[in-house]
Amino acid sequence: MNDIKVVEILKKKLGFSEFSINKLIKFHDYLLEYNKSYNLISKKTEKMIWFRHILDSAQLLSFIDYSKTNNIVDLGSGAGFPGLIIALNDEKGRFHVKLYEKSPVKRQFLIHTIKALSLRAQVFGDIRDETLDSDIIVCRAFKKLDKVIQVSREIAKKPHKLMI
């Protein structure tokens, strides 16, 4: 699937505005620039960012209740998937996204991107010492399923949705 088709899907099926798409383009460019020096994503997937990473992350928006404000936690954010993509779609302040990433290099990328794109998100380090105050926990390639469920049970408020 080419990038133009992905943008069409983002707009027509997932509610991304032209404003959000422009932010996604900037995010894409930041990601490629950082990836030259730091391994944020596999070099093999650089030509598939729109399909493999952005659209894959954005599909979670179909399962979020937009009628209420949501506190969202992204575990193991890496290069911002899916948390930053969710935050990029939020023009009306419906989401507060907390990104948990233990890698200092990846945290710096996330902090830079949030600031540059004026996103409603925060970056945190390791989750082990936290109590997750969230309505929704998302993660993509964080840990094995049993570990994700353990984190969800032990340190997250109840009730919450878990989207893996």
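The values are calculated or read from the model by the stated rules, or taken from the named source; none is laboratory data. Fair warning: this is a prediction, and the values are worked out from it, not measured in the lab. Because the Cβ atoms are built from the backbone with ideal geometry, glycine has one as well, and the counts that use them run over all protein chains shown. Heavy atoms of the whole protein, side chains included, go into the accessibility calculation; ligands, DNA and RNA do not. Shrake-Rupley method; radii C 1.70, N 1.55, O 1.52, S 1.80 Å.
Structure values in brief
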item	result
Stretchable slack from residue 65 to residue 28, in nm (0.36 nm times residue separation minus alpha-carbon distance)	10.7 nm
Of all accessible heavy-atom area on region 1-128, the percent that carbon and sulfur account for (1.4 Å)	52
Semi-axis lengths (Å, descending) of the ellipsoid that matches the C-alpha gyration tensor of region 1-90	21, 16, 11
11 Å beta-carbon shell around residue 10, net charge (K/R +1, D/E -1)	+1
Cα-centre dipole for the chain with unit charges at Cβ (Lys and Arg positive, Asp and Glu negative), debye to 20	220
Region 38-126: relative contact order in percent, alpha carbon pairs under 8 Å with at least 6 residues between	27
Surface per residue (accessible, 1.4 Å probe) for the chain, Å²	54
Region 13-86: relative contact order as a whole-number percent, Cα under 8 Å and 6+ apart	35
Virtual paramagnetic centre 7 Å along Cα→Cβ of residue 91, amide N under 13 Å, in region 1-27	11-12, 15-24
Nearest-10 value in Å² for the accessible area of residue 131, using the 1.4 Å probe	110
Reach of residue 144 by Cα under 17 Å, taken over aspartates and glutamates that are not fewer than 8 positions away in the same chain	74, 101, 126, 154
Cβ-derived FRET efficiency at R0 35 Å, residue 155 paired with residue 108, nearest 0.05	0.90
Across 68/158; 92/115; 115/158; 5/36, pairs whose alpha-carbon gap is larger than 19 Å	115/158; 5/36
Qualifying trypsin sites (Lys or Arg not before Pro) in region 45-99, DSSP loop, other Cβ atoms within 10 Å at most 10	68, 92
Counted charge near residue 39, where neighbours are those whose Cβ lies closer than 12 Å (Asp, Glu -1; Lys, Arg +1)	+3
Placed amide H near residue 122: partners under 5 Å, 5+ positions off or other chain	97, 98, 99
Helix-only CD estimate at 222 nm, as mean residue ellipticity for the chain, using -39500 (n - 2.57) per DSSP H run (n ≥ 4)	-11500 deg cm²/dmol
Over the chain, relative contact order from alpha-carbon pairs under 8 Å, at least 6 apart, %	21
Solvent accessible area, Å² - residue 30, 1.4 Å probe, full protein context	60
